[in-house]
Amino acid sequence: MCWHIPSQAHNVNFDLSDGYLKNLHTLKIGDSISYKTALGSRTYTVETMTEIAETDWSWLGRTEDNKITLITCVSGKPTVRLAVQCVAK
């Protein structure tokens, strides 16, 4: 699976429409995502998927390798977030 994602996203928008990260939970380890900015596009491989506490921002810290981390709410679990960390190809 190859995802193309925006720089900011939710799984459900404030108007209750589908957000860009609605299907984040369907990714699997080894899947690819593409991240595009004004500076260009990069491709990453899903390395880790885990549920974290809503207050756990440790996943957003610096890493030695080039990673992207996507975090979104988990339906039915208001104090939990899904964290998906991907490493650059």
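When the residues of segment 66-89 are narrowed to those that are assigned to a strand (DSSP E or B) and of a type in the set (Ser, Thr, Tyr), which ends up nearest to Leu21 (Cα to Cα)? Don't jump to the end; show me each part of the working.
Residues of segment 66-89 that are assigned to a strand (DSSP E or B), as a first pass: 67-74, 77-88.
This time we only want the ones that are of a type in the set (Ser, Thr, Tyr), so: 69, 72, 79.
Numbers: Thr69: 12, Thr72: 7, Thr79: 17 Å.
Among them, the one singled out is Thr72.
Scanning segment 66-89 for residues that are more than 15 Å from the chain's Cα centre (by Cα), more than 18 Å from Ser34 (Cβ to Cβ) and modelled with pLDDT of 90 or more yields a single hit, Thr79. The residues of segment 25-75 that are in contact with a Ser or Thr (Cβ under 9 Å, 6 or more places away or on another chain), over 13 Å from Val87 (Cβ atoms) and either touching a residue at least 24 places away in the same chain (Cβ under 8 Å) or surrounded by 14 or more Cβ atoms within 10 Å (Cβ to Cβ) (or both), listed by number, are His25, Ser34, Lys36, Thr37, Ile52, Ala53, Glu54, Trp59. Residues that are within 15 Å of the chain's Cα centre (by Cα), assigned to a loop (DSSP other than H, G, I, E, B) and of a type in the set (S, T, N, Q) within segment 42-65 are absent altogether. Residues in segment 6-24 that are within 14 Å of Ala83 (Cα to Cα) and modelled with pLDDT under 80: Ala9, His10, Asn11, Leu21, Lys22. Restricted to segment 51-71, and to residues there that are among the β-branched types (Val, Ile, Thr) and out of contact with any Phe, Trp or Tyr (no Cβ under 9 Å at 6 or more places or on another chain), the residue that is nearest to His25 (Cα to Cα) is Thr55.
The values are calculated or read from the model by the stated rules, or taken from the named source; none is laboratory data. Predicted model only: the values in this text are computed from it and were never measured. Cβ coordinates were reconstructed from backbone atoms using ideal geometry, including for glycine residues, and neighbour counts include every protein chain displayed.
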